[in-house]
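Have a look at the structure below, then the notes.
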Amino acid sequence: MKKAVNIIGAGLAGCEASYQLAKRGIPVNLFEMKPLKKSEAHHSDYYSELVCSNSLKSTNQTTSSGLLKKELELLDSLILKTAYETAVPAGDALAVDREMFSRMITEKISQNKMITVIHEEVSVLDEKSINLISTGPLTSQSLLEGLQNYTGKENLYFFDAAAPIVSFDSIDMSIAYKKSRYDKGEADYINCSMNREQYDQFYHTLISSETIELKDFEKKKIYEGCMPVEVMAKRGYDTLRFGPMKPVGLDDHAYAVVQLRQDNSAGTLYNIVGFQTNLKFGEQEKLIKMIPGLKNVKVERFGVMHKNSYLNAPQLLNSFSQFKVHPDLFAAGQLSGVEGYMESTMSGLACGINISRYYNQQPMITFPQETMTGALLSYISDSFKQNFQPINSNFGILMSLEKNSYQKNEKKQAYYNRAVEVMKKTIEAYSI
Ligand SMILES: Cc1cc2nc3c(=O)[nH]c(=O)nc-3n(C[C@H](O)[C@H](O)[C@H](O)COP(=O)(O)OP(=O)(O)OC[C@H]3O[C@@H](n4cnc5c(N)ncnc54)[C@H](O)[C@@H]3O)c2cc1C
């Protein structure tokens with residue numbers, strides 16, 4: 001009898017990983033604490049519960065979520081297949097009947113002879129087995145405490161306080177400029193200077209913008225470590241000018257300066273320093289475009305603040321989502337630093353494939369960075385990064401295209417076509 005792989009958490013990532021291992025002939029013990037215990041956001045007894053929206057976003061080829069879905073389809077995703085089987089009309093988005101979706105996945109998992117489901121809250125890992133932790137953004141407290149043995153306290157985070165990320169090639173560098181304060185070290189930052197009138201308009205728009213309503217369970221903790229830019233601004237007209245927008249050591253004529261910091265080693269993404277925010281996405285977009293040099297900028301990820309347990313993946317994980325110093329331990333889903341339903345599914349799927357190879361002592365697969373799968377796994381394990389925040393799929397993380405003179409949608413189509421071709425070749429090369 002082959003030894004089973006333990007998968008903890010029967011969410012989107014855990015169910016997908018279980019299916020991928022089972023279909024490769026590897027037995028799985030899938031641990032799920034529901035229905036005995038539920039997080040603040042989980043209500044149903046079924047697996048792969050969608051805790052909020054019933055939309056899995058666009059299927060359009062010119063969107064990053066459309067590309068991710070195509071890759072999941074090529075890789076035979078159980079979650080995606082079930083989503084199509086339970087779809088409800090939603091234009092070019094894939095939305096599902098959430099009850100039917102989770103019920104069908106629960107049935108498929110429960111009926112799979114290679115998968116044994118154990119209803120139990122796991123707090124301590126069985127170190128004699130290969131373990132995959134996929135317990136999501138609301139991982140139970142007892143497991144978080146147990147996990148600290150593997151991560152250290154400093155590498156396990158409990159909420160997102162993310163600033164927006166924009167793509168470098170959409171910044172107008174004839175207005176923005178590279179310089180470090182007082183010319184110390186390399187010119188690592190991109191600076192956007194504002195005069196008094198521009199700051200005044202920006203400030204008043206910021207303090208009157210609408211925020212996202214936090215859930216009750218989030219309200220208690222959220223601001224403890226990291227204050228949103230709108231809250232800081234409301235403390236006084238000049239607070240930002242003495243904080244993240246201070247104009248010192250840069251442009252002598254500036255009244256305030258917004259700084260952007262490189263966000264990935266390829267230099268295709270930049271985050272807006274100190275702008276962690278809880279504003280509605282439309283309001284963020286409006287404000288960002290008021291910043292000189294960012295008028296036409298492409299926002300690749302909006303700022304968010306919510307309860308979210310996740311690992312400091314760049315420190316802890318390699319590109320196979322395997323713990324660097326505990327090779328028998330893997331992480332997938334939102335806990336591993338991706339953000340979103342489909343991203344969590346992708347991460348479970350890639351982990352399932354790679355654990356099956358690890359189990360059979362075959363070399364694991366680094367998915368190419370031309371694919372959304374490879375780009376996401378590479379982003380979260382990119383040790384370049386400090387202040388890691390989870391990421392959703394976006395075109396900015398893909399390896400740049402060689403030709404640079406595309407129209408907007410042509411470029412996205414080119415990314416899509418290249419990714420699909422590369423993924424097909426990868427599937428063939430590794431007999432996935
Ligand atoms: C409130 C909230 C709303 C969100 N809304 C959206 C949205 O609208 N769209 C979107 O794309 N993404 C959303 N997300 C982000 C994310 O995509 C989802 O949380 C997604 O379900 C993550 O998938 P997962 O498989 O990593 O975790 P989950 O789907 O949460 O699955 C984890 C499973 O692990 C179980 N578990 C936890 N601890 C233990 C333990 N110790 N032992 C055994 N089992 C355990 C849980 O019961 C759960 O079934 C939201 C997140 C949150 C917190």
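No value in this document is a laboratory result; all are computed from the given coordinates. Owing to the predicted nature of the structure, the values given are computational and were not obtained by experimental measurement. Note that each Cβ is placed from the backbone with ideal geometry, even for glycine, and that neighbours are counted across all protein chains shown.
Comparing MET194, LEU294, TYR237 along the charge dipole axis of region 165-302, the residue lying farthest to the positive side is TYR237, per the Cβ-charge model. Partner lysines whose Cα lies under 27 Å from the Cα of LYS408, excluding those fewer than 8 positions away in the same chain, are identified as LYS57, LYS69, LYS70, LYS178, LYS280, LYS286, LYS289, LYS295, LYS298, LYS424, LYS425.
Is there a quick way to get the dipole size of the chain? I mean about its Cα centre, with the Cβ of Lys and Arg at +1 and of Asp and Glu at -1; what is the value in debye to the nearest 20? Provide the component values of the computation, followed by the final result.
Values: 48 positive and 49 negative charges, 70 e Å.
Using only the charged Cβ atoms, the result is roughly 340 debye.
Hey, quick one: spin label on TYR255, modelled 7 Å out along Cα-Cβ, who in region 164-201 has an amide N within reach, i.e. under 16 Å? Flagged as within label range: 192-201.
Rounding to the nearest 20 debye, state how big the charge dipole of region 165-302 is about its Cα centre with +1 on each Lys and Arg Cβ and -1 on each Asp and Glu Cβ. Kindly include the intermediate steps, with their values, before the conclusion.
Values: 20 positive and 20 negative charges, 46 e Å.
Using Cβ point charges on Lys, Arg, Asp and Glu, region 165-302 gives about 220 debye.
Farthest towards the positive end of the charge dipole of the chain, among the residues TYR359, HIS204, VAL96, is the Cα of TYR359, using unit charges on the Cβ of Lys, Arg, Asp and Glu.
Send over the semi-axes of region 165-302's equivalent ellipsoid, whole angstrom and largest first, taken as the square roots of 5 times the C-alpha gyration tensor eigenvalues.
Working: eigenvalues 116, 62, 44 Å².
Largest first, region 165-302 gives 24, 18, 15 Å.
Length gained on full extension, SER110 to SER208: 30.2 nm, using 0.36 nm per residue less the C-alpha separation.
Which whole-number percentage describes the relative contact order of region 165-302, with Cα contacts under 8 Å and a sequence gap of 6 or more? Write out the running numbers ahead of the final one.
Values: 214 pairs, mean separation 57.7, N = 138.
It rounds to 42 percent for region 165-302.
Inter-label distance, TYR177 to GLU410: 3.4 nm, where each label sits 7 Å from its Cα along the C-beta direction. Between the residues SER431, LEU147, SER53, the greatest Cα displacement towards the positive end of the dipole of the chain, with unit charges on the Cβ of Lys, Arg, Asp and Glu, is found for SER431.
Axis of helix 12-23 versus longest Cα principal axis of the chain: the two differ by about 40°, to the nearest ten degrees.
Grouping the Cα pair distances of the chain into 20 Å bins from zero gives a pair-distance distribution of 26, 56, 18, 1 percent in increasing distance order.
Annotation: the residues SER347, SER142, sorted from fewest to most other C-beta atoms within 10 Å of their own C-beta, follow the order SER142, SER347.
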